[in-house]
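Engineer: Let me begin by handing over the structure; questions about it come next.
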Amino acid sequence: MILLLIKLLISHSVGDFLLQPKKWVEDKRQKKEKSGFLYIHILIHTLTLLVILKFDWKYWLAYTIIPISHYIIDLIKIKLENEKNSRALFFIDQLAHLVIISLIVCMYEPHQIDLHLIYSFESLILVFALISITSIASVVIKVVMSHWEVEGNNDSLENAGMYIGVLERLFVFGFIVLNQWQAIGLLIAAKSVFRFGDLSRARDRKLTEYILIGTLLSFGMAILIGILYTYAIEHLGK
C-alpha cells in the first residue's frame, strides 16, 4: 500500500511541479480550456503514471481515473481562479488530487484504518500539544503583551509576527521531541541576527524590550510544552 502511494505521489509531483513550467500555468489561466498546455500537462501526467507503474495494465483504472480527474479539477480551478482566491484554490486543488490518489490506492490495496491508533493516548496528546503551541500560546502571548503599547515600524507583512511565532514554537517543539536542544540555541541566534537590523535602526529601548519579552515568552512556552509532552509520552502513556 505504502509503495503504491509513494509511486502515485512521485508521479503527481513530477507532472504538477517538476514538468510544469510557469509559462504553462499562465497560459492555462488566460486561455482556460482552450490552452494547449492544459492537454500537454494531462498527457505528461498519464505518461508519468505509465512509467512509474511499469506499464502494468492491472492499474488501468489509475491510468484512466487520475488523468481525467486531474483535467476536471484543473479546469474547475482555472475557471474559478482570481487574484483573491488563487492561494486558497492552490491548496484546494492539491488536496483534491491527493484525495483521488488516496481513493485509487484504497481501490487496489484496501486498508482498514485503525481507529484505536487515531484515538490512542499518543495521538491525542500530540494533537493537544500542537494546539497548545499554535493557537493557545498565540492567545496567551497576545494577552500578556497587550499590557504594553509600542509604536514600531508599520512596514511589515500582515500578521507576520504571529506566523513567525507559531513557526518558531513548532521548530522548538520538534527539536525537543528529537532531543536536539543545541538546535534551539541555533534558532535563537538566527532570529537575533535577523532582528538586530530592525532594532539597531529603531534605536528604541522600549521596542527592543518588547521584542525580547515576546521572544522569550514564545520560546519559553514552546520549551515548557515540549518538556511536558515528552514527559507524558515517556511516563503517562504506559
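The values are calculated or read from the model by the stated rules, or taken from the named source; none is laboratory data. Everything numeric here is computed off the predicted structure, so don't read it as measured data. Reconstructed Cβ throughout: ideal geometry from the backbone, glycine too, with neighbour counts over all protein chains shown.
Engineer: Has region 175-187 got any residue that is within 30 Å of Lys7 (Cβ to Cβ) and exposed (fewer than 13 other Cβ atoms within 10 Å of the Cβ)?
Structural biologist: yes
Engineer: Collect the residues in region 73-104 that are of a type in the set (Asp, Glu) and not in a helix (DSSP H, G or I), keeping them in residue-number order.
Structural biologist: Step one: of region 73-104, the residues of a type in the set (Asp, Glu) are 74, 81, 83, 93.
Glu81, Glu83 - these are the residues of region 73-104 that are of a type in the set (Asp, Glu) and not in a helix (DSSP H, G or I).
Engineer: Can you name the residue in region 114-151 that is of a type in the set (Ser, Thr, Tyr) and assigned to a helix (DSSP H, G or I) and, of all such residues, is farthest from Glu168 (Cα to Cα)?
Structural biologist: Kept after step one, since they are of a type in the set (Ser, Thr, Tyr), are these residues of region 114-151: 119-120, 123, 132, 134-135, 138, 146.
Filter again for assigned to a helix (DSSP H, G or I), leaving 123, 132, 134-135, 138.
Values: Ser123: 22, Ser132: 14, Thr134: 10, Ser135: 13, Ser138: 12 Å.
Here the answer is Ser123.
Engineer: Can you go through Ser120, Ser135 and tell me which one is within 30 Å of Thr230 (Cβ to Cβ), surrounded by 12 or more Cβ atoms within 10 Å (Cβ to Cβ) and either assigned by TED's automatic domain parsing to the domain that holds Leu212 or hydrophobic (A, V, I, L, M, F, W, C) (or both)?
Structural biologist: The match here is Ser120.
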